[in-house]
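Heads up, the thing below is written out as structure tokens.
The values are calculated or read from the model by the stated rules, or taken from the named source; none is laboratory data. Here the structure is a predicted model, which means the values were calculated and not measured. All Cβ positions, glycine included, derive from the backbone under ideal geometry; neighbour counts span all protein chains shown. These accessible areas exclude ligands, DNA and RNA; they are computed on the full protein's heavy atoms, side chains included. Shrake-Rupley method; radii C 1.70, N 1.55, O 1.52, S 1.80 Å.
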Amino acid sequence: MEKSTSLSTTNFGQLYPYNFPYEPYNIQIELMQKIEQALEEEKIGIFSSPTGTGKSLSIICSTFNFIEKNLEQEELELRTKICDAEKALEDINNNEKANDLGWVSLHSKKRDVCENIMQLKSDLEKYQKFHERNTEIRTKIENRISLKSNKDIGSHKSKKTKGEEDDDTQLVSDLDDVVLDDDVADESDESKETFNPEENMGSAITPKIIYSSRTHSQLAQFVNEVKRTVYGRRVRVVTLGSRSNLCVNPAVNKLKHSSQINDKCTEMQRSSSNKCPYANRLGMQDLRDDILGITQDIEEISILGSRTKACSYFASRMAAKEAQVIVVPYNILLHKQTRESLGLKLEQNIVIIDEAHNLLDTIASIHSAQVNGGQIIDTFSQLNQYMIKYNKRLSPRNLMMVKQLQSLLRCFVKLIQEKSEKASQHEIFSPTELLVKIGAEDLNVFQILDFCEKSQIARKLFGFSTIMQTDRKVSENSPETVNGTLAFLAKLKQNKQDPKKIKKPPKKKKPSQIEPEKAQENESTSLGSPLYALIELFRCLTSPLGEGRILLTRNLDEVRSSTLKFILLDPANQFREIVEKTRSLILIGGTMEPVSEFFDLLFLPLGISPKNMINFSCNHVIPDENIMPICLARGPKGKSPLEFTFKTRGDPELLRNVGELLIDLLPHIPGGVILFFPSYEYERTFYEFFKKNGILSKLESGSKKKIFREPKNSNQINKLLSEYSRAIDDMVKERSRGAILLSVVGGKMSEGINFSDDMCRCVIMIGLPYANLFSPELKEKMSFLASRKEGLDQVYYENLCLKAVNQSIGRAIRHRSDYASIILLDRRYCDKQSIQDNLPKWIQTRLKVTPHYDSATCLVQKFFSAKARKNSSTT
């Protein structure tokens, strides 16, 4: 593809349209123009930009250029309006002197014009303060850099702050960590956080850009791309994260659960005697300016906070108020409570959601919750013991609320333990139906949730259970035998000092002998209080009616393994505020097809017209001769079509047909070949059949490729990829012709892993990965969609499948010079136009439909032969 030629050049190397750091391709310019159009027209944009097309830089240069132009334009318009108003005031003054008869009318006009001028100058002052603040920040940073080299930040990674090395202070040191504060349930939300990061802020300019992606590594990659452009020096970019990511207090960030970290931080803010030493205002203000002046990712911000002994979490929140671009992970942007707790405002700002192909699933996941029987039983047990020990210390209101929480948990315990003949393995309820079912309709779940959040009872309960587990014998005694909590703590301390008094650990039981309650108790405590998970479920139970369902899955053999899961059926309502409050919304990803699900499930339910949306799909930067997508309907035998349905997928004739196809085809393909199967079970079916019938050995010997299998355990992924990569590297030494990787659609290899160049010269998709229709969750979701619009459930079901296909085949072709073949094995890829229409556009335009096996083999052979000749001529 030709690069654009009519482009200007200046400094920062060469400066191109939108301040692109190098000469952009035509498709990059098209994408930036479409994004700019969406911003100017204040519309919703859905954009597809395949991997290798410079998506991140296109986003940065188009959107950052827009806010800079918008800033200049608004400032210029204000100055023009002020000049016009001052000229009008001068005319009024002249008329007032020349004509005394209309002095009342002229005086009224004069007053209005003067008020208008004052307002305009006040608005202009905001922009002047913005520029002055930029100068102030740059001066501070230049002075600081001249005193100390910036490389100290990087060297700090391996250092610890004073006191961190020997900080083995127990989490629970006194009653404040265990007993509920008096009447804390009556406190207002403002009392939870005494430090206000919005105080004494510099002027903020709108619109801001709020950029969001799925993982912190993706956000860091985006920030690093910003640094490659001129905008890294000119635009204020701030990355926000949770306390878990940014807390630099070693006594707090060592806690294992994010909710514990949040609660401990909030408590230290409210405390008069145990303030966090890192929450010093002057230090945080200096850190805020460093964050605003130097574009940094979340790890760099945390390291800088550790070095300067200032809180990175609150400093970044302070910086966000003055930022032009705010970078956040999905869970902050898409979760209203988290978004508001960080002060992230949507009004008239631009929101960009990257990697948005899984947006609907992400919204559903963030607003779902699941608890198991073990968590319910452990919380109920801990709460009962807590009440025995501390009921006399609790205020009347706290005592009442703890008893209500006990009642609700007792109802849940009865539900999962139900063993009547009528009790089925799976049951679905609405939140109201669940409360009626368990006999808790008289309990106010909203009030219980509010109490749990404000009282920090989950953290208190965790502290209590930590004490009880330290000396189980004491926890089993009645309160009278323990002379108060202080005596109990003193005994713990004494036991630590006197080894003779430390009890020997009990003799280990065999796995079958371990009591499930005790085994699970240790597990749940190590992960934090199980009440945290239940609080999330309570939050879901208070969702608006019609949005979700509760799925009960019973395990009659092991009650602790039973689960209660809240399933969000309608993601649109949780996304409403983002759509309605923002100036523009940009959804972008490598493959956004099928786009119809965004219209049907997200925007149409919110009343958004297609006229207010822009949909654009980039072509790929690779030339046509670098990709060979093929859909194949028949194998070598050709008697029956290749169709991997639920009924036929175990057919020995079908499996043998695929085996012979691979034996014939793979010797023509160099490098790595990835086979994607619909499920782990089906991959195992193929592998065992191939092994039993000698097909596996023929594949390895004929293609000279070693065969690898994707493991279910994520801990083994790195080892597998290392061995797979080594097998590819052996091609250079002519020991092999690559490797074969048997993978699963929706597994660890189907998304987020880069298989460029020889790592993947061919992707083969075995069948269509349709979801299990018998899944209770899927059945309920499809029933909900069918009730909304006829046929919408079937569209959703097919889209679910094709999204997974598109992500899997996207593992190949990662840059402009890359090349690969993509083979779709199933008759339905050839016959169903609806399936072809939902493939990525860059695949659709090049797709070869081959009903017969011979023609497909010929195409593949010619494709790789041409590449071999080209590679040999260039070496």
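One chain, two ends: Lys275 and Lys691. Fully extended at 0.36 nm per residue, the span grows by 143.3 nm beyond their Cα-Cα distance. Legend: distances between Cα atoms for Lys110/Lys208; Lys256/Lys309; Lys706/Lys832; Lys637/Lys706; Lys43/Lys109; pairs beyond 28 Å are Lys110/Lys208; Lys706/Lys832; Lys43/Lys109. For segment 46-140, what relative contact order do you get, as a whole percent, if you take Cα pairs closer than 8 Å and at least 6 residues apart? Relative contact order of segment 46-140: 30 percent. Quick check on segment 540-696: take the gyration tensor over C-alpha atoms, sort the square-rooted eigenvalues as a ≥ b ≥ c, and tell me if it's rounded (a/c under 1.5), prolate or oblate. Taking the square roots of the gyration eigenvalues as a ≥ b ≥ c, segment 540-696 is oblate. Under the criterion of Cα pairs below 8 Å and six or more residues apart, the relative contact order for segment 707-816 equals 30 percent.
Amide H to amide H distances under 5 Å link Arg709 with Leu742, where only residues 5 or more positions off or on other chains count and H is placed in the peptide plane. Of the GluC sites (Glu not before Pro) found in segment 598-675, not one falls in a DSSP loop while having at most 12 other beta-carbon atoms within 10 Å.
If you take the Cα centroid of segment 341-357 and the Cα centroid of segment 296-322, the two points sit 20 Å apart.
Normalised by 2.2 N^0.38 Å, where N counts its residues, the alpha-carbon radius of gyration of segment 230-306 equals 1.21.
Quick one: length gained pulling Arg233 to Ser381 fully straight, 0.36 nm per residue minus the C-alpha distance? Please list the in-between numbers first.
On the way: separation 148, 0.36 × 148 = 53.28 nm, distance 5.65 nm.
Going from the current span to full extension adds 47.6 nm.
Indicate the gyration tensor shape class of segment 257-342 (rounded, prolate or oblate), computed on the Cα atoms with a ≥ b ≥ c the square roots of the eigenvalues: a/c under 1.5 is rounded; otherwise a/b larger than b/c is prolate and the rest oblate. Cα axes put segment 257-342 in the oblate bin. Its relative contact order, with pairs defined as Cα atoms under 8 Å and 6+ residues apart, puts segment 622-717 at 22 percent.
Measuring only protein heavy atoms, the 1.4 Å probe finds Ile614 accessible over about 20 Å². Peptide packing for 673-679, 258-264, 690-696 was compared via the average number of neighbouring C-beta atoms within 10 Å per residue; ordered from the highest value, the list is 673-679, 258-264, 690-696. In this calculation the C-beta distance from Thr338 to Gln861 is compared with R0 = 56 Å, giving a FRET efficiency of 0.55. Label reach from Asn615 (point 7 Å along Cα→C-beta): in segment 326-363, no amide nitrogen lies under 11 Å.
Taken along the Cα-to-beta-carbon direction at a fixed 7 Å, the label points for Asn94 and Glu723 span 9.0 nm.
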